[in-house]
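As structure tokens, the structure follows; a few thoughts come after it.
The values are calculated or read from the model by the stated rules, or taken from the named source; none is laboratory data. These numbers were taken from a predicted model, which means no experiment stands behind them. Virtual Cβ from ideal backbone geometry, glycine too; neighbours counted across all protein chains shown. Accessible surface is based on the protein model in full, side chains and every heavy atom, while ligands, DNA and RNA are left aside. Shrake-Rupley method; radii C 1.70, N 1.55, O 1.52, S 1.80 Å.
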Amino acid sequence: MPEVSILEHSTILAKYLDLDQRGNVLAEYIWIDGSGEMRSKCRTLSKKVTSVDQLPEWNFDGSSTGQAPGDNSDVYLRPVAFYPDPFRKGDNIIVLTECWNNDGTPNKFNHRHECNKLMDAHTSEEVWFGLEQEYTLLDPVDNTIYAWPKGGFPAPQGPYYCGVGTGKVYARDVIEAHYRACLYAGVTISGINAEVMPSQWEFQVGPCEGIKMGDELWVARYLLTRVAEEFGVKITLHPKPLKGDWNGAGCHTNVSTKEMRVPGGMKYIEDAIEKLSKRHNEHIALYGADNDLRLTGRHETASMSSFSYGVANRGASIRIPRSVQAEGYGYFEDRRPASNIDPYLVTGIMVETICGSIPEADMSKEYQRESA
């Protein structure tokens, strides 16, 4: 079979995507598997969807995704939100789902369920989040950093952060395509930028209130992976994709309550930081795998072993922006979370810590359940 380029494939596919769907709607169900990766499968619906209640429950083979044993493999997909599909367009949708066992309990890896309890319990606090998702592009053949010299390294870090120009940034077409896909889908994407290490990028989602933060970050991650698939590039969320004198990748978490966002809010920011200081280890346990490779006290990180905070200090656990100190209200940034976090775990324990927990929802226990 002759080799066909990605561009030629896209040209061939276009004529089929223009075909009339005869009133049918394609719904791509997406979920998080047992390793924290996205999975999806598609089904045909007979009419346009206007409410999540119209979406049917579905199921899949959990033994093939690390979510169930082979002798009891059915895991159920319960729709919780849907978004316009930027790949198929029209009335077609992407459906975000929660995973449930057949006995009516949430699947072991369904962290959204417990997180949502906490968000519902503290709706009066109006907790806003903004997540800064860093990620790294990889060559699909050998998993090396995308566009780096084979068997070598580019020039040291310096010109790449927010860089412009050939040799300073790579794969901007992938990043621009992802940006538009998020906007089309209704994701609250608030910006993008090239990061400190070449072929490392960041997008920001938020501000989002409550459970919407985790939902929208997962959808943005799905869209990124799908866009990269079409360009023939791989994405990694590993917090330290390359050892040595190179920056790692984080998912800085910006947080505020309604009391923090009005004049006099600095007091509530300081109260929250005091509470966070007393639960440093519990938070670190939920802040991503291999985060110890990143949180070394170098490359704009704090040490994992201790808690710290400071104004405009990117080497602290918690950063208070200079503008927030000047105005006396606003938000704070938790710089500890790694790029591969589950946002439900991180936003859940954040609300639990700064707003006060409720007995039936405890993200620390959720971590113990995941690790069991």
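Please work out how much accessible surface Tyr76 shows to a 1.4 Å probe, ignoring ligands, DNA and RNA, in Å² rounded to 10.
Near enough 70 Å² of accessible area.
Carbon and sulfur: what percent of the chain's accessible surface (1.4 Å probe)?
50
Mind checking the per residue accessible area of segment 254-295 for me, 1.4 Å probe, whole number of Å²?
47
For segment 1-141, what ratio Rg/Rh do Cα atoms give with a Kirkwood hydrodynamic radius?
Rg divided by Rh gives 1.03.
Residues of segment 186-228: accessible area per residue at 1.4 Å, in Å²?
Counting only protein heavy atoms, the per-residue value for segment 186-228 is 21 Å².
How large is Rg/Rh for segment 81-148, to two decimals, with Cα atoms and a Kirkwood Rh?
My calculation of the ratio gives 1.12.
Suppose accessible area is computed on protein heavy atoms with a 1.4 Å probe; arrange Tyr268, Tyr29 from highest to lowest.
Descending accessible area places them as Tyr268, Tyr29.
Per residue of the chain, what 222 nm ellipticity follows from adding -39500 (n - 2.57) for every DSSP H run with n ≥ 4, rounded to the nearest 500?
It lands at -8500 deg cm²/dmol.
For Val52 paired with Thr166, estimate the spin-label separation in nm (one decimal), with each label point 7 Å from Cα along the Cα-to-Cβ line.
4.8
Over segment 147-271, what number does the Rg to Rh ratio reach, with both radii from the alpha-carbon atoms and Rh per Kirkwood?
1.03
Compactness ratio of segment 184-253: Cα Rg over 2.2 N^0.38 Å, N = residue count?
Normalised by 2.2 N^0.38 Å, the Cα Rg of segment 184-253 equals 1.19.
If you build the convex hull over the alpha carbons only and average its shadow over all orientations, what do you get for segment 1-62? Give it in nm² to one decimal.
Its Cα hull, projected and averaged over all orientations, spans 7.3 nm².
Given the chain, what percent of its DSSP beta bridges are antiparallel, to the nearest 5?
85
Sticking with the crude label model, points 7 Å out along Cα→Cβ, report the distance from Ser40 to Lys267 in nm, one decimal please.
4.8
Expressed as a whole percent, how much of the Cα-Cα distance distribution for the chain exceeds 39 Å?
17
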